[in-house]
Amino acid sequence: MVRIVIREVLQKDDLREHWEDVLERAVAALAQRMAAADGPPLTAARAMVAARLFFNAVAFQALLGPDVPAERAVGEAIELVLAAC
């Protein structure tokens, strides 16, 4: 299903623009929350990189890793991003 959606998004300009807008807002919101979280200080730039890594890891799992349960993949992505910060 994810592959079909991505194929459609890549083929239709209006869908791609909408998808890019939604993704950018999601990345920015996650980065903002990460930068404001308790713990070691995290610059806005590093938070943005960490947020992009998180979304990339989740998308990669959805596309290529159906043998890994989604909850585990998301959990591992969160742990990886937090460790990298």
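Some points to look at:
- In a simple Cβ point-charge model (Lys, Arg +1; Asp, Glu -1; nothing else charged), the chain has a dipole of about 100 debye relative to its Cα centre.
- Averaged over its residues, the chain has an accessible area of 75 Å² per residue, based on protein heavy atoms and a 1.4 Å probe.
- For the chain, the relative contact order works out to 24 percent when only alpha carbon pairs closer than 8 Å and six or more residues apart are counted.
- Helix axis angle, 44-64 relative to the chain longest principal axis, alpha carbon, degrees: 40
- Taking only Cα atoms of the chain, radius of gyration then Dmax in Å: 14.2, 42
- Rounded to the nearest 10 degrees, the inclination of helix 70-84 to the longest alpha-carbon principal axis of the chain is 40 degrees.
- Extension gain from residue 37 to residue 4, taking 0.36 nm per residue of separation minus the Cα-Cα distance: 8.3 nm
- Per-residue ³J(HN,Hα) for the range 19-29, Karplus 6.51 cos²θ - 1.76 cosθ + 1.60, θ = phi - 60°, Hz, x for Gly and Pro: 4, 4, 5, 4, 5, 4, 5, 5, 4, 4, 5
The values are calculated or read from the model by the stated rules, or taken from the named source; none is laboratory data. Just so you know, these numbers come straight off a predicted model, no measurement behind them. Reconstructed Cβ throughout: ideal geometry from the backbone, glycine too, with neighbour counts over all protein chains shown. To get the accessible areas, we keep the full protein, side chains included, count just its heavy atoms, and leave off ligands, DNA and RNA. Shrake-Rupley method; radii C 1.70, N 1.55, O 1.52, S 1.80 Å.
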